[in-house]
Every structure is written in C-alpha cells, then in structure tokens.
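Here the structure is laid out as structure tokens; the discussion comes afterwards.
Bear in mind these aren't lab numbers, they're just calculated from the coordinates by the rules spelled out. Computed from a predicted model, the values in this text were never measured in an experiment. All Cβ positions, glycine included, derive from the backbone under ideal geometry; neighbour counts span all protein chains shown.
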Amino acid sequence: MKKWLPFITIAVIVVWTYGSIKGFNNTAVVYEEDAKTTWSNVESSYQRRTDLIPNLVATVKGYAAHESETLEAVIKARAAATSMKIDTGNLSPEKMAQFQKAQQGLSGALGRLMVVAERYPDLKANTNFLELQSQLEGTENRINVARNRFNNGVNAYNKHIKIFPNSVFAGWLGFEEMARYQAAEGSEKAPEVKF
C-alpha cells in the first residue's frame, strides 16, 4: 500500500487541478458570454434610438423646414453613430470610447433638435411628435438600463478572473479583463440649454 501512496497522491492532485481549471474556464466563459450579450443589448438600445430619428426629423421638418442646419446635423450624427460598431470579441477601452463619442455626438444633435422644437408651438402639440418624443425618452431610459446591466456583467466576469487562484488560470487560458462602459468626459456637468 505504501508504494501506491505517491501515485494516489499524484492522481488526486491531477484530478483536483483538472477540476479546478475546468470549473474556472467554464464559469469564465459563461460570464464572458453574458457580458458580450449585454453589450449587444446596449447596441440594440442605441439602434432603437437611431431608428426613431428619421421619423422625428421628418416630423420636425414639416413644421420647421428652415431649420435645415439642425436637421442635417442630426442626420450626420445618426450616420456617424450607426457606422460605429464594436465586435464583442474586442471590447477594448479604445473601441468603447470611439463608440461613446459617436453616440455622444448624436445625443448632442438630438438635444439641439429638441431646442428647435420648443420654438414651434404647433409642432409641440403634434401627436406624432409627442409620441416620438415619448418613445425617445423611453429609449434613453432603456439605454441607461442596458449600460448598467453590461457593467454588472463585466463586473462579475472581471471579479471571477481576478480572484486567486483564478487569476493564475486566467493567465494560462488567455482570459483578459473587459472594459466597462464609462460616462463620457464632462458628462458630470449638466448641459446648458438656451432658448
């Protein structure tokens, strides 16, 4: 029996190591895929917003045709925002910053469009405009919820790969920290709206 003890000990260590690495890997994959899915939901929420914009612009155009500069700015910002996509396999801080910058440009253009709408009482009373404005507000809330869920998913994944001994396994298996969605620089200041 004594001569088998080293072999049994080695076998137990190998089985334990295999089980630990397998468990780590499978959990990390689940957390990573969950985070990627929540990122897709963020993009989906932004897409909903960009889908509303053509109808909003068309409605405003009918009442405020001479505000073409503002309308064109919204259309250009929408095009820039929709052209920026991030591959879920490359959720780097740089890519996320580029995405956020494009979305921020669209948010600013929409804000200017809403200021223009304030100048036209008939437009503000138009049921199509009111419905679109309400949908846009709801969509902005969805975007915020989706970003928060993404950050929660990334948080769970990042914590899983950073705790010991998982951090060792993460290095061996190539799992890297994911970037969180962060507020744009200067967003802590309320925007100034002038009429």
For Lys61, go through the aspartates and glutamates and keep the ones whose alpha-carbon is under 18 Å away, minus same-chain ones fewer than eight residues off. Asp51, Glu69, Glu72, Glu118, Asp122, Glu131
Any chance you could give the angle, 0 to 90 degrees and rounded to 10, that helix 93-118 forms with the longest Cα principal axis of the chain? 20
Mind checking the angle between helix 68-83 and the chain's longest principal axis? C-alpha axes, 0 to 90 degrees, to the nearest 10. 20
If one compares the long axis through the Cα atoms of helix 5-63 with the longest principal axis of the Cα atoms of the chain, the angle in degrees, nearest 10, works out at 0
Please list the equivalent ellipsoid semi-axes of the chain, computed as the square roots of five times the alpha-carbon gyration tensor eigenvalues, in descending order and whole angstrom. 52, 14, 12
The chain - mean residue ellipticity at 222 nm from DSSP helices (-39,500 (n - 2.57) per run, n ≥ 4, rounded to 500): -27500 deg cm²/dmol
So how do 88-94, 19-25, 100-106 stack up, highest first, on mean other-Cβ count within 10 Å? 100-106, 19-25, 88-94
Mean-square fluctuation check for the chain, GNM, Cα pairs under 10 Å: which of Leu132, Leu113, Leu173 is largest? Leu173
Arranged by the count of other C-beta atoms within 10 angstrom, fewest first, what order do Arg180, Arg78 take? Arg180, Arg78
With a cut-off of at most 12 other beta carbons within 10 Å, and DSSP calling the residue loop, which trypsin sites (Lys or Arg not before Pro) in the stretch 111-149 qualify? Please list them. Arg119
Set the bar at 23 Å for Cα to Cα. Now go through Lys85/Lys159; Lys36/Lys95; Lys101/Lys162; Lys22/Lys95 and name every pair that lies beyond it. Lys85/Lys159; Lys101/Lys162; Lys22/Lys95
Using the Cα centre of the stretch 15-173 as origin and beta-carbon charges of +1 (Lys, Arg) and -1 (Asp, Glu), tell me which of Asn90, Trp16, Ser44 is placed farthest towards the positive end of the dipole. Trp16
When the charge dipole of the chain is computed with +1 on Lys and Arg Cβ and -1 on Asp and Glu Cβ about the Cα centre, the Cα farthest towards its positive end, among Leu56, Val168, Leu106, belongs to Val168
Please rank Tyr157, Tyr18, fewest neighbouring Cβ atoms within 10 Å first, as an exposure proxy. Tyr18, Tyr157
With x for Gly and Pro, the residue-by-residue ³J(HN,Hα) of the stretch 176-181, computed from phi through the Karplus equation 6.51 cos²θ - 1.76 cosθ + 1.60 at θ = phi - 60° and given in whole Hz, is 10, 4, 9, 7, 8, 6
